Each structure stands twice: as C-alpha cells, then as structure tokens.
Amino acid sequence: MNAWQASYVYHDRVLRGPGDDFDWDSDSHLLNIGIDVSEAVKVEGFAYFIDLTDTAAPQDRSNMSWGGRLTGATALGDARIGYSAMLARQSDYGSSTADYELGFASFDLRVSGSGATLMIGYDNLEGDGTNTIATPLGSGHSFHGWADAFSGGGAQSTGDGLEDIRFGASYAAEFDGPLIAGWEIGALHRDFSAQRTGDGLGSEWDAWLNLDLAGNVGLSFQYADFDGSGSPLSPADRRKQWVVLTYSR
C-alpha cells in the first residue's frame, strides 16, 4: 500500500463557531504528512504553528502543537475493529502571552458488526493550573460532548486539564424508501475529571438520530445532558438540543 500524503495550509483568518459573532486575524501554518502502511495501520505526523494576531482574540491561545497519530481498521471474523491513537505536545508560540508546555493523549476503539457498533475512548489534556490545551482553529462544538461544557474561546478544558472517559453504542441500517435511505441511532456516556488534581467534574449523556435522506441530504437530531459535580471547577448543569441539516455531493 505505502501511499504518502502531505499537506500545508496557511490561515490568515479564523471564522469562529457557534455562539461567537466575530472572527480572528491569524498568521498560522499547518503541516501534515502521513503514510498508509496497510488498511490496519496509517501513520500521521503533524506540526501546527498557530499565531492569533487579532487583538480581539485571546492571545494566550496562540500555540505550537506537534505530534503523531495512528489509525486503522481490521476484520475479526464477522466483526470489524477500528482504532485511533494520538500523542501531542503543545507550547506557547507567536503572540501568546502565556508560558507553558503541555501534553495531549487520545485513544478510541470501535467494534462493529451487523449494523451495531460498540465504542470506548479516552482523552487526557494536561493543565498546569492556569493554562490548558487550546485548539483555536478547530471546532469548539462537540469536542467533549454536545453540551459544550468544556469548550470556549479555543480552550478545550479547565486550567487543571481534563480527563474524558467515554463509552457508548449505536445501530445503523439502510432503508429502501423514497425519502429515507438510511438511519443511525446511538448514545454515549462521558465521565469528566481534572487531569492535574483528579477532581470529578461531572458526567454527560449524548444521544443522536441521524437520517440519510434522498438527494445526498442528511438530517441529524442531537441531545446532550451534562450533570456537573460539586467541584468549583465544574461547569453548571445544562441540556442542549441540536438539529443539523447537511448536503454533500
């Protein structure tokens, strides 16, 4: 197999996601290189140099991140196993007013068969009591659940970091109809704690129903119920519902 891919992206502007009515000027460089060793093993390396030059942007979110990622899938009898594992380091860069170096680790495992999928995952975002992992160019929405309890301004956790342990299941099927071509229903439970102190930060249930409609249209209903803990670091309880309509071609 051994297919190589490489990309370079330059960002001069950041369009903020849901809830933010402004954009940020940027001077950012994104490098990525990968090789498909086989269907079971794909190796990627990346280096992101993100500098938010807009005074309206949170200056401590400018950062340099580098790391690697392994992904792949393989058959096991009638089932299929897929995985994703990533390690990364992040430090201050460019216009950042902070001084830090932190680590990030993530692992996901999925077992699928006969339309059903079981999933388990773990994220570990380090925090030093003040600074935490930031992804100002990435989507803040849904990174740690659809309630968005730990996303804001490009940050993805509390100042004491975040551990996110999750497990769930889904079921999908094709549907031979004039309007609906397929559907998927699922639920995921997340348990949150502070990486540096170990304090419990709450838990969340996410549930969804995805519909594949005619004409390459997708319709998704998403529900999130976050239950905070008694820790002063814990976000407040919240419930959110999302309806997402997509079109692809």
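A Cβ distance below 7 Å, combined with a sequence gap of six or more or placement on separate chains, defines the contacts here; from region 22-35, residues that are more than 16 Å from Asn63 (Cβ to Cβ) reach residues that are modelled with pLDDT of 95 or more and among the basic types (Lys, Arg) in the pairs Gly34/Lys42. Restricting the search to region 90-121, which residues are charged (D, E, K, R), surrounded by 15 or more Cβ atoms within 10 Å (Cβ to Cβ) and farther than 13 Å from Asp60 by Cβ? Asp108, Arg110 - these are the residues of region 90-121 that are charged (D, E, K, R), surrounded by 15 or more Cβ atoms within 10 Å (Cβ to Cβ) and farther than 13 Å from Asp60 by Cβ. Looking across region 27-59 at every residue that is of a type in the set (Asp, Glu) and open to solvent by 50 Å² or more (accessible area, probe 1.4 Å), the one that is modelled with the lowest pLDDT is identified as Glu39. Note on region 131-149: among residues that are out of contact with any Phe, Trp or Tyr (no Cβ under 7 Å at 6 or more places or on another chain) and among the hydrophobic types (A, V, I, L, M, F, W, C), the one that is least open to solvent (accessible area, probe 1.4 Å) is Ala134.
Within region 27-82, being small (Gly, Ala, Ser), touching a Phe, Trp or Tyr at 6+ places or on another chain (Cβ under 9 Å) and in a strand (DSSP E or B) holds for Ser28, Gly34, Gly45, Ala47, Ser65, Gly67, Gly68, Gly72, Ala73. Reported count of residues in region 153-188, each being under 16 Å from Ser142 (Cβ atoms), assigned to a strand (DSSP E or B) and open to solvent by less than 30 Å² (accessible area, probe 1.4 Å), is 8.
The values are calculated or read from the model by the stated rules, or taken from the named source; none is laboratory data. These figures come from a predicted structure and were not determined experimentally. Cβ atoms come from the backbone with ideal geometry, glycine included; neighbour counts cover every protein chain shown. Just so you know, the surface numbers come from the protein's heavy atoms only, side chains and all, with ligands and any DNA or RNA stripped out. Shrake-Rupley method; radii C 1.70, N 1.55, O 1.52, S 1.80 Å.
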